[in-house]
There are 2 protein chains.
Amino acid sequence: MAGHYYTPEVWIPIFINVSLSLVFYIITSRLIPKLAGMFINARICGIDLNKHQSVQVPEAFGVVAGCMYLIVMFLFIPVPFGSAVLQNSAFPYHELAKLVTALLSICCMILLGFADDVLNLKWRHKLLLPTVATLPLLMVYYVISNSTIIIVPKPLRYLFGFSVDLGVLYYVYMSLLAVFCTNAINILAGVNGLEAGQSLVIAASIVLFNFCELSSDLWRTHQFSIFFLAPFIAVTLALLKHNWYPAKIFVGDTYCYFAGMTFAVVGILGIFSKTVLLFFIPQVINFLYSVPQLFHIIPCPRHRMPRLNRDSGMLEASEFKCDESSLSPLGKLCLNVVEKLNLARVTRKDGTIVGNNLTIINFVLVKVGPLHEAHLSAVLMTIQILCSGMAFLIRYPLASIFYDVPR
Amino acid sequence: MAGHYYTPEVWIPIFINVSLSLVFYIITSRLIPKLAGMFINARICGIDLNKHQSVQVPEAFGVVAGCMYLIVMFLFIPVPFGSAVLQNSAFPYHELAKLVTALLSICCMILLGFADDVLNLKWRHKLLLPTVATLPLLMVYYVISNSTIIIVPKPLRYLFGFSVDLGVLYYVYMSLLAVFCTNAINILAGVNGLEAGQSLVIAASIVLFNFCELSSDLWRTHQFSIFFLAPFIAVTLALLKHNWYPAKIFVGDTYCYFAGMTFAVVGILGIFSKTVLLFFIPQVINFLYSVPQLFHIIPCPRHRMPRLNRDSGMLEASEFKCDESSLSPLGKLCLNVVEKLNLARVTRKDGTIVGNNLTIINFVLVKVGPLHEAHLSAVLMTIQILCSGMAFLIRYPLASIFYDVPR
């Protein structure tokens, strides 16, 4: 343990942050049911397709969670700088600038996400919005450090040398990271509690990683990440309480954007974006699995979420249907590969192809069989947790193969 | 002129800022009509009560202006720090922190304003939202300077001395300033083009004041204000183009909050909040005049905007009506004072009182007679401009009575 580990400078701000988060967990979880009527009146609601009765469920509650999150963070702003003010030492203005910029990106993402939920923006906007919201982060990164040098993994050093200056590509990488994090959560959705649940597991995993790293020399950046994630976990738990099966509210795109941007921000400013991506394994797999449908190589219906079997009350994999002749050669190839690898249930009859929609949600249903919605959520959460465990295995014992780990 | 006045450090960032603003004026004014259908589909629209036909007009377009404003400002972030980066001089992190915090407050206000427009929040929320959005500003002010000392005006110095430390009251003052600026614009509304028009005049007046002060020692803070207001003027002009009579879009509460917060931010961070308030003379008068109705001392109908005389096509003052017996003693007193000072048209008949609603819009209509909506807007703009002229008279020749002006 380094000398700083047991000092109040490390633990008191974390203690205050966690306490504030607890208070706001209680406030938020009480506030949500009170606001439901207001959302219904404003017609920000949708029908839960996987229920027997078709009831209007208020949507876009991510905006409530996001606003409560911002209030916690606003109140928390002075805390990390308390010791600098008290000790009259040089004030860490760059730390303050980083903190506020991160909040600006998150706030902007909540605003754009809510606008998306309300206005139903088009797909191309969904890619543009996170890029806009990352702008302040990139700009401040540019003026503060503009360090675009990365350490090359050991096996590749004979090609590129010890380090490479990525230059402008580094900024492209950072903004793509934000686009990926926000949309990856958005496309692994459609079952009660899934968006908030997966984000909760990812956030908890990053916080665990941060706590492991608090003893290292880079403790400040990990403390910074905890400051952002503890309140995030609090408002997510409050959402999850009302969004878990049977959902009384939906979290909306607002929440997916908000969550993804929070992860991107802590990854970028904490300079552990590769580790953050490790906790996105199910999302990465889901994205790759979805690619043929997302890029319309294989037909993609408007909704890919599982559908309710009204007789059994169980969820079954939803399907796409098309004429074999209408498929492009690339589409046929994709379908063959997926079929050969046993990654989808495809049936052909009279020139018509029927296959399950390519999401890991449907994949689970194909492999395990029809499941009750609450059980499906629980299974997907378990997968997310197992993948986080795997991520820790990769990050700790295996990282030394690729990098010189100083421990 | 001080030595800095003709240096590129003063003018190049302003030039870039104004150029960006021009580009975004064009983009925004082209974007607005394209988005109108999207707002109508999302049912974010209202009927213009002062037109012959009842047409659905898309509302809350302040959110479009606000988002475009944020994009300009995000792109602009590195510019003021170019010279510091190039000259390798000490990086002004506190300036960066100020800039980003101001943007955070404005972004948060746009988010909350849009939520208000969409969800139709209650009156008490309208007072709470600007307070929340000012939080980051106050927190950063607290950690950066925490200077709460004010210079006492000369005539009061025999009472308080040269300066007074307001302590926590200073923070209360700053947050009330934000609440006032946002709501003052919000209650002087209801005629096509009025919200954007008055904000335009106020912004232009502050920018003029800033240009006058660019030669002073405090030039940096005035340059900072110009950075914020030039893009604001650009997006406001774009809005006004479509919001002027006959309005094809409404700006919504979002815009009023956005405008008010921008003024509050430049006033607070530029430490010329008293001067900013000087440009709010019509709003202050309108607020004081409205007080009896706002606090329900005199009955207040839901809409106080002027109403259309469908025969003449002219706008006339809208009125409130009540039984004389239902008025409280305080209500009677208020009504008598207003009547005695000839500030309202009140008629009494068979115990029923009818009077014009207490806004300066109705006051103008009572004094000048019915006006066409476009003329009424123009008259109110003229009043705003004349008041700005008066503000300059007060600020420059008269300020020396109250303070030691160093020029």
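Laboratory data are not the source of any read-out in this text; all were calculated from the coordinates shown. This structure is a prediction, so every number in the text was calculated from the model and none was measured. For neighbour counting, all protein chains shown are included, and Cβ atoms are generated from backbone atoms with ideal geometry for every residue, glycine included.
Before moving on, here are some points about what is shown:
- Applying 0.36 nm per residue to the separation of A:SER163 and A:LYS349 and subtracting their alpha-carbon distance, the gain on full extension is 61.4 nm.
- Net +/- balance of residues flanking B:MET305 in space, Cβ distance below 13 Å, scoring K and R +1, D and E -1: -1
- Pseudo-label separations to other copies for A:ILE385 - Cα-to-Cβ vector, 7 Å, nm: 6.9
- Mean-position separation - Cα centroids, segment B:108-163 and segment A:266-296, in angstrom: 41
- Cα gyration tensor category, rounded, prolate or oblate, for segment B:347-407 with a/c compared to 1.5: oblate
- Principal axis extents of the C-alpha atoms in segment B:139-254 (largest first, rounded to whole Å): 55, 32, 32.
- Shortest-first nm distances, B:SER328 label point to equivalent points in other copies (7 Å, Cα→Cβ): 7.2
- Segment A:196-226-segment B:35-91 distance, computed between alpha-carbon centres (Å): 35
- Ranked A:ASP350, B:ASP253, criterion: other C-beta atoms within 10 Å, fewest first: A:ASP350, B:ASP253
- A Förster radius of 45 Å, combined with the Cβ-Cβ distance separating B:VAL291 from B:LEU22, puts the computed FRET efficiency at roughly 0.65.
- Using C-alpha pairs under 8 Å with a sequence gap of at least 6, the mean separation divided by the residue count of segment B:281-407 gives a relative contact order of 28 percent.
- Computed P(r) (all Cα pairs; segment A:281-407; 10 Å bins; percent): 12, 35, 28, 16, 7, 1, 0
- In terms of its C-alpha gyration tensor, segment B:25-175 comes out oblate, because a/c is 1.5 or above while a/b does not outweigh b/c.
- Taking every C-alpha pair closer than 8 Å and separated by at least 6 residues, the mean separation divided by the residue count of chain A gives a relative contact order of 20 percent.
- Residues whose amide H lies under 5 Å from that of A:MET314, counting only those 5 or more places away or on a different chain, are A:ASN309; hydrogens are built 1.01 Å from N in the peptide plane.
- Scaling the Cα radius of gyration of chain B by the globular reference 2.2 N^0.38 Å produces a ratio of 1.04.
- Spatial separation of Cα centroids for segment A:352-377 and segment B:305-371, in angstrom: 67
- Structure-based [θ]222 nm, chain A - -39500 (n - 2.57) summed over DSSP H runs of at least 4, per residue, nearest 500: -21000 deg cm²/dmol
- Scanning residues 5 or more positions from A:GLU319 or on other chains, those with amide H under 5 Å from its amide H are A:ASN357, with H placed 1.01 Å from N in the peptide plane.
- Fewest-first sequence of A:TRP219, A:TRP11 by Cβ atoms within 10 Å of each Cβ: A:TRP11, A:TRP219
- Cα-only Debye scattering, the protein assembly as shown: base-10 log of I(q)/I(0) at q = 0.09, 0.11 Å⁻¹: -0.95, -1.32
- Kyte-Doolittle at least -0.5, axis length at least 27 Å by Cα - qualifying DSSP helices, chain B: B:8-41, B:93-119, B:123-144, B:168-187, B:194-213, B:219-243, B:373-393
- Full-extension gain in nm, A:ARG310 to A:CYS322, via 0.36 nm per residue minus C-alpha separation: 1.9 nm
- Peptide B:90-101 - average C-beta neighbours from other chains (10 Å radius): 6
- Per-residue average of Cβ from other chains inside 10 Å of A:111-117: 5
- Gain upon complete extension [B:ILE401, B:LYS367; 0.36 nm per residue less C-alpha separation]: 8.8 nm
- 5 angstrom amide H check on A:ARG304, placed H, neighbours 5+ away: none
- Across segment A:238-267, the residues whose backbone nitrogen lies under 12 Å from the label position 7 Å along the beta-carbon direction of A:ALA374 are A:244-247.
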